[in-house]
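Notes follow once the structure below has been shown.
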There are 2 protein chains.
Amino acid sequence: MVSTTSEVSAEIEIPEEISGLRMTRQRQEVYRILQSERNHPTANDVFMRVKDRLPNISLATVYNCLEALVQHGIIRQVNFERESSRYCPNLSEHGHFHDEVTGIIHDVDFKSGVNLADMLSLPPGAVIDDIEITLRGKIAIS
Amino acid sequence: MVSTTSEVSAEIEIPEEISGLRMTRQRQEVYRILQSERNHPTANDVFMRVKDRLPNISLATVYNCLEALVQHGIIRQVNFERESSRYCPNLSEHGHFHDEVTGIIHDVDFKSGVNLADMLSLPPGAVIDDIEITLRGKIAIS
DNA sequence: GCCGATATCAAGAACTATTCCAATTATTAC
DNA sequence: GTAATAATTGGAATAGTTCTTGATATCGGC
């Protein structure tokens, strides 16, 4: 049994397997939290929230689950400076704006037609596998 | 006495104070290493190299020096994933290309006339203080 | 040049995020 | 149902960095 309609609000159905990864109960719940709270939580944030539903889960398992989900391309791991890693279910290519005042992290999409690699003087022969863009700043009061 | 011409090759003259920071012997030597070896070394790399000239320096002092230099805008701290921080004397706005095969980090300049913020759908009112661009990939054999 | 105030340094302990390990439990394939 | 495999747990271990404390060096005023 995966879930019933009698459970808490906004239930998200998660299949038993995603891109070859067996979705155990723990992985489902970890994934569900990332889906419902798009706050870019840390492993510890996820751990504290997932305990409501799986009181016996360990932090190591949360790390394992997050790693498995990242490895299978189901979520993304995001790092700011040397702070704790954060996790993000938004798979579209995007950057992150880190509000220095509130600490909130906003996803930032590229405007259509933008190809970032064209803007850069890359070393000759460079083949890009991944791009990461992080902005830090404030949001002016309007 | 800061240095003499009899010392090792490619001596770099460093003033006694840079942007309000007192340049102690330790800070000078740390800075000198960053200037002469543009490898984006880690704190530990710097520590090992600086011991040639200051055998009694401690790792904590290297961290302190690097922090002071970063805080005064004399060098930049660069982070990849959650690896050790690396340090970089290149103050011009630039990104980093991380070669996954060799581990070498290449500075990547923006092509002239590019304003990155224009390419992004930022949250309304966002004021950017800092942009960080990291690319990961390989360099194709030519 | 001397003296108190301040800044820096050194050494090691402490801290934190993360990973590793060994034992247990769950799941799958047959 | 059983053996093989994979996942989970809890605690120990690790690595990078920061903190603490006492010693040392530097600065500003006299």
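Numbers at a glance
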item	result
Bridge type composition, segment A:54-138 - antiparallel percent by DSSP, nearest 5	65 percent
Options B:114, B:104, B:127, ranked by Cα towards positive dipole end of segment B:92-137, top entry (Cβ charges)	B:114
Cβ-placed point charges (K, R +1; D, E -1), dipole of segment B:64-130 about Cα centre in debye, nearest 20	100 debye
Charge-dipole axis of segment B:17-86 as Lys and Arg at +1 and Asp and Glu at -1 on Cβ define it, positive-most pick from B:39, B:58, B:20	B:20
Rel. contact order, % - alpha carbon contacts under 8 angstrom, at least six apart, segment A:17-86	37 percent
Partner chain coverage, peptide B:113-121 - average Cβ within 10 angstrom	6
Residue among B:125, B:95, B:113 with the largest mean-square fluctuation in a Gaussian network model of chain B, springs linking Cα atoms under 10 Å	B:125
Distance histogram in 5 Å bins (all Cα pairs of segment A:10-142, percent per bin)	2, 9, 18, 19, 18, 14, 11, 6, 3, 1, 0
Largest to smallest principal axis extent of the C-alpha atoms in the protein assembly as shown, angstrom	81, 50, 44
Nearest-first distances (nm) between copies at residue B:113, label 7 Å from Cα via Cβ	1.5
Global geometry of segment B:17-86, whether rounded, prolate or oblate, following the gyration tensor of its Cα atoms and the 1.5 cut on a/c	oblate
Mean Cα-pair separation over length for chain A, i.e. relative contact order, pairs under 8 Å, 6 or more apart, %	18 percent
Projected label distance in nm at residue B:64 and residue A:101, using a 7 Å step from Cα toward the beta-carbon	3.6 nm
Assigned charges on the beta-carbon of Lys, Arg, Asp, Glu; segment B:17-86 dipole about Cα centre (debye)	160 debye
Lys, Arg +1 and Asp, Glu -1 on Cβ, resulting dipole of segment B:21-142 about Cα centre, debye, nearest 20	560 debye
Net charge of Cβ neighbours under 11 Å - reference residue B:25; Lys, Arg +1; Asp, Glu -1	+2
Residue order, fewest to most beta carbons within 10 Å, for A:54, B:91, B:120	B:91, A:54, B:120
Neighbour-count order for A:97, A:80, fewest beta carbons within 10 angstrom listed first	A:80, A:97
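Values quoted throughout were computed directly from the atomic coordinates according to the rules given, and no laboratory measurement underlies them. Owing to the predicted nature of the structure, the values given are computational and were not obtained by experimental measurement. Because the Cβ atoms are built from the backbone with ideal geometry, glycine has one as well, and the counts that use them run over all protein chains shown.
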